[in-house]
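Single-structure report; data block below.
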Amino acid sequence: MRAVLVTAFGTPPELTQTPDPACPPDGVVVAVEATGLCRSDWHGWMGHDDDIELPHVPGHELAGTIVETGVAVTRWAVGDRVTTPFVLACGRCRACARGDGQVCLDQLQPGFTQWGSFADLVALPRADVNLVRVPDEVPAEIAASLGCRFATAYRAVAHVARVQPGETVVVHGCGGVGLSAVMVAVALGAQVLAVDPDPTSLGLAEQLGAVRAPDDLTDSDADVSIDAYGSPANLAAGLASLRPRGRHVQVGLLVGSDASPPVDVGRVLGQELQLLGSHGMPASDYPELLARVADGSLDPGRLLRDRIGLAEAGPRLAALGEPGAGAGGITVIRPDVR
Ligand SMILES: [Zn+2]
Ligand SMILES: [Zn+2]
């Protein structure tokens, strides 16, 4: 198969021929139809994730068709169209037993703990626990975004923040996950204030129903703030924008020297603020999300910016570190684009 291979952190990966993946006994091999280019892939390529061993293939938000099943798989067959949460839960630990596979204590992640989907084929273990069936009417590009960014935003807004109609939501960072959060919050009836330094991204957020946030957010009286990008400044601004008992949800990754930012705990305590994390979405919540996509009340297709082939994936991944590179919506890689 062809795969986008990282051989050194921070060095642009190249499209290479590699052996086809072996099918895990409890897993499947999927022919990739579409796979999203996400900022988490960039973090991995930069060496920010200790789980990654070189050489490595990135890619964790995917949709495709099963071409092989392992001997222990009971729920899936060759020809099924599927996607998967980027967390492959074990199905057995205490978190999984509570229905919280997104924070599984023994999780695997394609594109991080093992080779991912920037390739013709990807092996996915733990298929019976994690795979999600993709209805025929949902295009692969859209289903791929449900594997990470759109599903992550959906859980953050609907299940973690529990946004209610009429509430004010501030979204910091309007890349793929931020625009997804804007769309979900608007659909739930919230007033959404968008923050992003890039005018293109802000314009897209406005098209989705957000309004541009004021320069000084401290008087926003927001019910909810969401850091969809991941920076200490966004976290601080988010907390500062909240009314008493407001909720801040951290979605964007904080890595390296940013991983433990100072937090105004005095304000968290005195105003009874809630500081919450959100990490993907468990497979068990996908039917609810897919139903909203199927009935048109959520349309992740509006977030698609462009489709590229595997050959372009390496250079575009490397370029994600440049300012504004994540602006303008979601980029999807399709192995059938040459
Ligand atoms: Zn992602
Ligand atoms: Zn588990």
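Largest first, the three principal axis extents of the alpha carbons in segment 21-172 are 49, 34, 34 Å in whole numbers. Assuming a ≥ b ≥ c are the square roots of the Cα gyration tensor eigenvalues, decide whether segment 269-338 counts as rounded (a/c under 1.5), prolate (otherwise, with a/b larger than b/c) or oblate. Since a/c reaches 1.5 but b/c is at least a/b, the shape of segment 269-338 is classed as oblate. A simple rule links phi to the HN-Hα coupling: the Karplus curve 6.51 cos²θ - 1.76 cosθ + 1.60 with θ = phi - 60°, which for segment 46-54 gives 6, x, 7, 10, 5, 6, 7, 10, 8 Hz, with x for Gly and Pro. Near the amide H of residue 308, within less than 5 Å, lie the amide hydrogens of 332, 333, 334, all on another chain or at least 5 residues away, with H placed in the peptide plane. Placing dummy labels 7 Å off each Cα toward the beta-carbon, the span from residue 337 to residue 292 is 2.6 nm.
Taking 7 Å steps out from each Cα toward its Cβ at residue 11 and residue 46 produces label points 2.0 nm apart. Sorting the segments 291-301, 157-167 by their mean number of nearby beta carbons within 10 angstrom, highest to lowest, gives 157-167, 291-301. Taking all C-alpha pairs of segment 113-270, those more than 23 Å from each other amount to 42 percent.
Centroid-to-centroid, using Cα positions, segment 1-18 and segment 45-65 are 11 Å apart.
Express the Stokes-Einstein translational diffusion coefficient of the chain in µm² s⁻¹, to the nearest whole number, given a Kirkwood radius over alpha-carbon pairs, 37 °C and a viscosity of 0.692 mPa s. So the translational diffusion coefficient is about 164 µm²/s. Overall dimensions of segment 192-241, expressed as equivalent-ellipsoid semi-axes from the Cα gyration tensor (√(5λ), whole Å, largest first), are 18, 13, 9. 3J(HN,Hα) couplings calculated from phi for segment 10-25 with the Karplus curve 6.51 cos²θ - 1.76 cosθ + 1.60 (θ = phi - 60°) are, in sequence order, x, 9, x, x, 10, 6, 9, 7, 9, x, 4, x, 6, 7, x, x Hz; Gly and Pro show x. How far, in degrees from 0 to 90, does helix 310-319 lean away from the longest principal axis of the Cα atoms of the chain, to the nearest 10? Long axis of 310-319 versus the principal axis of the chain: about 30 degrees. The H on the amide N of residue 147, modeled in the peptide plane, is under 5 Å from the matching H of 62, each at least 5 residues off or on a different chain.
All other residues whose Cβ lies under 10 angstrom from that of residue 89 are scored, Lys and Arg at +1 and Asp and Glu at -1, for a net of 0. The phi-based Karplus calculation (6.51 cos²θ - 1.76 cosθ + 1.60; θ = phi - 60°) puts the 3J(HN,Hα) values of segment 138-154 at 9, x, 4, 4, 6, 4, 4, 5, 6, x, 9, 5, 5, 5, 4, 5, 4 Hz, whole numbers, x for Gly and Pro.
Here's how it looks for residue 88: its modeled amide H is under 5 Å from those of 108, 109, which are all 5 or more places away or on a different chain. Subtracting the Cα-Cα distance of residue 94 and residue 54 from 0.36 nm times their residue separation leaves 11.3 nm of extension gain.
Counting only DSSP H runs of at least 4 residues, each contributing -39500 (n - 2.57), and dividing by the residue count of the chain, the helix-based mean residue ellipticity at 222 nm comes to -6500 deg cm²/dmol.
Computed over the alpha-carbon atoms, segment 55-136 gives an Rg to Rh ratio of 0.96, Rh here being the Kirkwood radius from the mean inverse distance.
Computed log10 I(q)/I(0) for segment 195-338 at 0.09, 0.18, 0.21 Å⁻¹: -0.38, -1.31, -1.41, from the Debye equation with unit scatterers placed on every C-alpha and solvent omitted. Remark: segment 178-265 is approximated by an ellipsoid whose semi-axes, taken from the C-alpha gyration tensor as √(5λ), come to 21, 16, 12 Å, largest first. Going by Cα centres, segment 287-338 and segment 188-241 are how many Å apart? Spelled out, the Cα-based centre of one part sits 22 Å from the other.
Using the Cβ-Cβ distance between residue 245 and residue 207 with R0 set to 30 Å, the FRET efficiency works out to roughly 0.45.
Every number here is computed from the coordinates shown, using simple stated rules; none is lab data. For clarity, every value in this text was computed on a predicted model and none was experimentally measured. Please note: Cβ atoms are built from the backbone with ideal geometry, for glycine as well, and neighbour counts cover all protein chains shown.
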